[in-house]
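What follows is a set of notes on a single structure, which appears directly below.
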Amino acid sequence: MRSTEESAGRPPEGEQQAAELRSELDELLRASRYASQRERRLNEAIRATPGRQRPDGDLLRQLAQARTLREGLGARCLQLSDQLEELELHLRQQQHPQHYPEHAEYAEHPGHPEHPPQPPHQTPPPPAPAPPPAPPAPVPPVPPARPDLGALTERITGLHRSGALPEAEELLDQAAARLAPADAALLVGMLARRGPTTGTSLRLARTAARSAPEHAVAVLAELRELGLAEEAAELFHAFWAYPAAAVPALLAALERSGQHADSATLLWEWGSAPTPELTSLAAHLQQHGRPADVRTLLRQAAGRPTADLVGLATELPPALATLLLQELAVLRPSVEVVRLAAALDGRRDLYGQLLAALLADEARHRTTLAALRAAGLPTAPPTAPRSRWGRR
């Protein structure tokens, strides 16, 4: 048993443990800040690669190591912080029990003011039930082990050199599906340095488009961050193959990542899609509450030949067909509007919508309305047929 002299001048065991945890946490925080600074410097060095040259492979490997270190240190800091918080709470409960009555022993002392002496022969009240134990503090999950991107690069390039292309492509597909966006972009860069003639980096970038829109867009941003312009373009072109139902989510992901120009480019490309696909996309955009994208898409489609525009107006839902005809009335020259009106003459509803768009601003469309009259086409809004139950 320790003597009083041996323990004099030393903090209690709990306080000593808390001091050690604080010291270790401070060291880890300093190391984490250093790893973050190193990661930022490596990113800047990679972005400074002149022209369209590939980033240096050694820089990419160092960046992967810095990210792994920074994330591991961050996870360990969280664990230590939780342990320290729990320990300090326990120490406070010991030092100030009056503030934590559920843990205080003094409340059981019979001479305490809150416990006056009981009259003789009086049965004491039953003790209060003990409070349930506090749930244990949640332990943050340990992050999964980061992949060895260098070894994965060597394996893929080795399979290519040996002619085992199916096996290499299977590895690329797995990497695109399982790697985090930052790791996927780093692997693309390493493959671009190791195998410039195999096309593996381009295939991996292209395959990333098969994942969820948020993940694919994050990979696109990481590729651009690393200066991998060719691979980023390959991934972006793969977005053009998305089905219409997936495009609204893709546009939203691009906007959230700050890549608004890509959203506009995608809509421009879709403006030349076949009529059934374009009609489907317009309907999906409308359903997802993106009216500005619907208008942009229909404006892009306004330059199609007259026959295509008639088919598009016929297949679109009525509200979107009206919007298309309004855009056509504004964007197309008079001679083309007259040609479109003649093609719609047999469709009373569509012709009426086009004419309503012209009559809404007669001063602006005076020339077009005169050309319609010269062509023998009606310029007065159609009247609704009288009901046989109406006034005679």
| query | Has region 246-254 got at least one residue that is modelled with pLDDT of 90 or more and surrounded by fewer than 13 Cβ atoms within 10 Å (Cβ to Cβ)? | reply | no
| field | Criterion (within 25 Å of the chain's Cα centre (by Cα) and surrounded by fewer than 18 Cβ atoms within 10 Å (Cβ to Cβ)) met by exactly one of ALA208, ALA184, ALA180 | value | ALA180
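Would you check if LEU228 is modelled with pLDDT under 90 and assigned by TED's automatic domain parsing to the domain that holds GLN174? Reasoning before the result, please.
On the way: modelled with pLDDT under 90: yes; assigned by TED's automatic domain parsing to the domain that holds GLN174: yes.
Yes: the conditions hold for LEU228.
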| request: Could you check how many residues of region 297-315 are closer than 18 Å to SER263 by Cα and surrounded by fewer than 18 Cβ atoms within 10 Å (Cβ to Cβ)? | output: 0
| query | In region 289-343, which helices (runs of 4 or more DSSP H) lie fully inside it and hold 3 or more residues that are more than 24 Å from ALA370 (Cβ to Cβ), out of contact with any Cys (no Cβ under 6 Å at 6 or more places or on another chain) and of a type outside the set (A, V, I, L, M, F, W, C)? | reply | 291-301, 306-315
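The values are calculated or read from the model by the stated rules, or taken from the named source; none is laboratory data. Just so you know, these numbers come straight off a predicted model, no measurement behind them. As a convention, Cβ positions derive from the backbone with ideal geometry for all residues, glycine included, and neighbour counts pool all protein chains shown.
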